[in-house]
1. For region 51-70, name all the residues that are small (G, A, S) and free of Cβ contacts under 8 Å to residues at least 40 places away in the same chain.
2. Would you say W23 is closer than 29 Å to E138 by Cα and in contact (Cβ under 8 Å) with a residue 40 or more places away in the chain?
3. Hey, which of the helices (runs of 4 or more DSSP H) in region 1-106, taking only ones fully inside, have at least 1 residues that are over 28 Å from I135 (Cα atoms) and at pLDDT below 95?
4. Considering only region 115-134, state which residues are surrounded by 12 or more Cβ atoms within 10 Å (Cβ to Cβ) and part of a helix (DSSP H, G or I).
5. Answer yes or no as to whether W78 is crowded, with 18+ Cβ neighbours inside 10 Å, more than 20 Å from Y119 (Cα to Cα) and either hydrophobic (A, V, I, L, M, F, W, C) or in contact with a Phe, Trp or Tyr (Cβ under 9 Å, 6 or more places away or on another chain) (or both).
6. Name the residues in region 15-51 that are surrounded by 14 or more Cβ atoms within 10 Å (Cβ to Cβ) and of a type in the set (A, V, I, L, M, F, W, C), would you?
7. Within region 10-18, can one find any residue that is within 30 Å of G136 (Cβ to Cβ) and in contact with a helix residue (DSSP H, G or I) (Cβ under 8 Å, 6 or more places away or on another chain)?
8. Residue by residue through region 135-146, note down the ones that are assigned to a loop (DSSP other than H, G, I, E, B) and in contact (Cβ under 8 Å) with a residue 24 or more places away in the chain.
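The values are calculated or read from the model by the stated rules, or taken from the named source; none is laboratory data. As the structure is a prediction and not an experimental result, all values here were calculated from the model. Cβ sites come from the backbone with ideal geometry, for glycine too, and all protein chains shown count toward neighbours.
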Amino acid sequence: MKAEFPRALHVKALEPCRLRIRWDTGETLDVDLAEKLKGRALAHLRQSELFAKAHTACGGACIEWEDSEFGADNVYAWTREQMGEPSHEMFFGWMYRNQLTLDDAAKALGLSRRMISYYRSGRKPIPQYVWLACIGWERLHEKKAA
């Protein structure tokens, strides 16, 4: 089953390193890309005139500049994280750090394998209580390992 990520409908540069994006979910969200633009490879995007040229591409699957792009799924995840909400990237990171398969994660959280797959792929939003359970599970297992 193919994951369906939110698609960017419209992008507007607000100030250096900040975008306002209208998503096909009906949301309009701001994202700060300053951290993502720190490296040399993307340094050119810190120039205001170039950054202002941000636009959607690939049917909303990416945010693009003249010669650089970010996947819309990643940008959407970053907006959620900046709002204090868990993202599929955070969930995937939790599974990876703890070497959990879909079955292992389902057992650890008391959820179905299918829901774990939805959360990991970004197809479904991760409820706060599920993310808190992930954090708690990880802390308990850190103490056992120590």
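1. Within region 51-70, A52, A57, S68 qualify.
2. Here the answer is no, as W23 does not meet what is asked.
3. 48-51
4. Listed by number, the residues that qualify are M115, I116, S117, Y118, Y119, R120, S121, V130, W131, A133, C134.
5. No.
6. C17, L19, I21, W23, L29, V31, L33, L37, L42, L45, L50, F51 - these are the residues of region 15-51 that are surrounded by 14 or more Cβ atoms within 10 Å (Cβ to Cβ) and of a type in the set (A, V, I, L, M, F, W, C).
7. no
8. Correct list: empty.
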